Amino acid sequence: RSPHLVRPGKGGPLTLDVTPFRGALELRGQNGYLRVINVISLDEYIQGVVANEMPFSWPSEALEAQAIAARTYALTSVQKGKPYHLVSDVRDQVYRGIAGETDRTNAAVRATAGKVVLYGGKLATTYYFSSSGGKTANAADVFGFAVPYLVSKPDPWDKASPHHKWS
């Protein structure tokens, strides 16, 4: 019968294909396939995201900013009508469970617990990227509707990125 929730025993976290995960794993049969969903708290999820979205060696302030952006993105991007909230790759945020965590990024998540980005008293959708090519895009050009806090701006710091020059 679907779904089935598998919780870890006293021996440690659950492992799927040698990757350890916090929380529980929900197993669902779907169209002849087995869908596995990691059921965890928001900050356990963010712990598995931050080091996969930016270098964990970056300054703690940058890691903390990423934790806040990732937390806010997760809250504003829940998949409607799906048995899961987010996908674990670049379509949402790269999530790799415990294998994707580091002590430094977990410290950044703890240091920012409960912090999110607001605009006008509401959660802001915090899209982010690894390289802008030197200028961010205007939301109206990308999504077809204006978002007051997502306007095009020059990004002179992008020159430090190895992906700065686009072709």
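The values are calculated or read from the model by the stated rules, or taken from the named source; none is laboratory data. A quick note: this is a predicted structure, and the numbers were derived from the prediction, not measured. Don't worry about glycine lacking a Cβ; one is built from the backbone with ideal geometry, like all the others, and counts go over all protein chains shown. All accessible areas refer to the heavy atoms of the entire protein, side chains included, with ligands and DNA or RNA removed. Shrake-Rupley method; radii C 1.70, N 1.55, O 1.52, S 1.80 Å.
Taking a virtual spin label 7 Å from the Cα of Ala111 along the C-beta vector, which residues in the stretch 71-96 bring their backbone nitrogen under 20 Å of it?
71-73
I'd like the Karplus ³J(HN,Hα) series for the stretch 144-149: coefficients 6.51, -1.76, 1.60, θ = phi - 60°, whole numbers in Hz, and an x wherever there's a Gly or Pro.
The phi angles translate into x, 8, 6, 10, x, 9 Hz.
Can you give the FRET efficiency for Tyr128 and Asp17, using 1/(1 + (r/R0)^6), R0 = 22 Å, r = Cβ-Cβ distance, to the nearest 0.05? Let's see the in-between values first.
Numbers: r = 28 Å, r/R0 = 1.26.
Rounded to the nearest 0.05, the efficiency is 0.20.
Quick query: amide H of Tyr119 versus all other amide H atoms, modeled in the peptide plane; which residues come in under 5 Å with a sequence gap of 5 or more or a different chain?
HN-HN under 5 Å from Tyr119: Ala124.
For the ranges 64-75, 127-138, what's the packing order if you count other beta-carbon atoms within 10 Å of each residue, average per peptide, and put the highest first? Before the final figure, lay out the partial values.
Values: 64-75: 22.2, 127-138: 14.6.
Ranked from most to least packed, the peptides come out as 64-75, 127-138.
How much accessible area per residue does the stretch 103-167 have, in Å², with a 1.4 Å probe? Walk me through the numbers before you get to the answer.
Details: 4760 Å² over 65 residues.
Normalised by residue count, the accessible surface of the stretch 103-167 is 73 Å².
Determine the dipole magnitude for the chain: charges of +1 sit on the beta-carbon of Lys and Arg, -1 on that of Asp and Glu, nothing else is charged, the reference point is the Cα centre, and the result goes in debye to the nearest 20. Write out the running numbers ahead of the final one.
Working: 19 positive and 14 negative charges, 91 e Å.
Using Cβ point charges on Lys, Arg, Asp and Glu, the chain gives about 440 debye.
Go ahead and run the numbers for FRET between Arg104 and Lys135, Cβ-Cβ distance against an R0 of 30 Å, rounding to 0.05. Kindly include the intermediate steps, with their values, before the conclusion.
Values: r = 30 Å, r/R0 = 1.01.
So the FRET efficiency works out to roughly 0.50.
I'd like the accessible area for Asp89, computed on protein heavy atoms only with a 1.4 Å probe and all protein chains in place. Round to 10 Å², please.
Asp89 has an accessible surface of roughly 50 Å² with all protein chains in place.
Could you put Lys115, Lys10 in order of accessible surface area, largest first, with the 1.4 Å probe and the full protein assembly present? Show your work: numbers first, answer last.
On the way: Lys115 105, Lys10 210 Å².
The ordering from most to least exposed comes out as Lys10, Lys115.
State the percentage of accessible surface on the chain attributable to carbon and sulfur atoms; use a 1.4 Å probe and exclude ligands, DNA and RNA.
On the way: 5980 of 10820 Å².
Ligands and nucleic acids excluded, carbon and sulfur reach 55 percent.
Which whole-Hz couplings ³J(HN,Hα) result when phi for each residue of the stretch 43-58 is put into the Karplus expression 6.51 cos²θ - 1.76 cosθ + 1.60, θ = phi - 60°, listed in order with x for Gly and Pro?
Residue by residue, the stretch 43-58 yields 6, 5, 5, 4, 4, x, 9, 3, 5, 8, 10, 7, x, 5, 7, 5 Hz.
Roughly what angle does helix 60-76 make with the longest principal axis of the chain, taking Cα atoms, 0 to 90 degrees, to the nearest 10?
Approximately 70 degrees, to the nearest ten.
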